[in-house]
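Participant: Sharing a structure below in structure tokens format, with a few things to ask.
The values are calculated or read from the model by the stated rules, or taken from the named source; none is laboratory data. Only a predicted model underlies this, so the values are computations on that prediction, with no experimental measurement involved. For neighbour counting, all protein chains shown are included, and Cβ atoms are generated from backbone atoms with ideal geometry for every residue, glycine included.
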Amino acid sequence: MAGLLKPIVFLVSIFAAATCWLYFLSTQFDSKDFVVHFPRNFEDLKSLSGMLKSYQEDHFKLVILLFVSAYVYKQTFAIPGSVFMNILGGALLGTWTSFPLVCFLSAVGASCCYLLSKHFGSRLVKRKFPEKVRSFQSKVKENEDRLFFFLLSARLFPMSPNWFLNITSPIIGVPIHLFFVSVFIGLMPYNFICVQTGSILASVKSLDDVFSMSTFIGMLLVAAVALVPGILLRSYTKVPASKTKV
């Protein structure tokens, strides 16, 4: 337990510093009509979006800085609710501006989570999820010759626990450059659906309108397609033992 104390102190300190930064940004809003906060539900998201959009007209840089900071904060500390942040981004900036931005922020935030886990959380993760870590490690080892395509498919698959992939990847030796790119590309379909919804937020009634069964099946198919290059690559590079004998 003594060996865990130091990394826990570091993690708590980093979390506290990041929280203080968000609080500082929230105090820069001089409006008394609303309190800056993370949206808790869909109706709350609509209300917050409307208020930020009205404030954005005169304080664009502050609103965007707060959005970027809050987005990376949630990703870094594996806080649920990325769907609300993606939709909010679409509502504030429109589809084609927010889409590349949230893809980049997703990769940056996930990479920050990766680094925190690597330097301060590896013991905690191994102690808390020993079986899951071993299971993921064995899958990575099985796919080490097509690792990027495996990571990409894991991100594209709609049921993958992204937070677990973020905290476990550094522990099992996934290189950060492959990790970053797989997050950036792999979450594109999910991010696009969300930001596109944000751009028409007023006409959307609930999250059920965002993630329909057809959308879910489509994302499954994309994830399956992402595995194909890796399978073909493995088949192409695999030389039968009988042909290698002289």
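Rundown of residues vs (1) within 21 Å of G121 (Cβ to Cβ); (2) surrounded by fewer than 18 Cβ atoms within 10 Å (Cβ to Cβ); (3) touching a residue at least 60 places away in the same chain (Cβ under 8 Å); (4) among the acidic types (D, E), yes/no style:
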residue	(1), (2), (3), (4)
V12	yes, yes, no, no
G50	no, yes, no, no
K61	no, yes, no, no
T76	yes, no, no, no
I87	no, no, yes, no
C103	no, no, yes, no
S106	yes, no, yes, no
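Participant: Out of the stretch 133-153, which residues are surrounded by 14 or more Cβ atoms within 10 Å (Cβ to Cβ) and free of Cβ contacts under 8 Å to residues at least 40 places away in the same chain?
Facilitator: Matches in the stretch 133-153: V133, F136, Q137, V140, L147, L151.
Participant: Within the stretch 151-160, does at least one residue satisfy the condition of being of a type in the set (K, R), under 30 Å from S13 (Cα atoms), under 18 Å from the mean Cα position of the chain (by Cα) and modelled with pLDDT of 85 or more? Give the derivation first.
Facilitator: Going through the stretch 151-160, the residues of a type in the set (K, R) turn out to be 155.
Cutting the leftovers down to under 30 Å from S13 (Cα atoms) gives us 155.
Subsequent filtering for residues that are under 18 Å from the mean Cα position of the chain (by Cα) retains 155.
Retained after the next criterion (residues that are modelled with pLDDT of 85 or more): 155.
Scanning the stretch 151-160 turns up at least one residue that is of a type in the set (K, R), under 30 Å from S13 (Cα atoms), under 18 Å from the mean Cα position of the chain (by Cα) and modelled with pLDDT of 85 or more.
Participant: Does the stretch 191-198 contain at least one residue that is modelled with pLDDT of 85 or more and under 11 Å from the mean Cα position of the chain (by Cα)?
Facilitator: Within the stretch 191-198, one or more residues are modelled with pLDDT of 85 or more and under 11 Å from the mean Cα position of the chain (by Cα).
Participant: Further question: Among the helices (runs of 4 or more DSSP H) lying completely within the stretch 18-105, list those that include at least 3 residues that are modelled with pLDDT under 90, within 21 Å of I200 (Cβ to Cβ) and of a type in the set (G, A, S).
Facilitator: 42-56
Participant: Sticking with this one: Condition first: buried (at least 16 other Cβ atoms within 10 Å of the Cβ), assigned to a helix (DSSP H, G or I) and not β-branched (V, I, T). Now tell me which residues in the stretch 168-179 satisfy that.
Facilitator: F179
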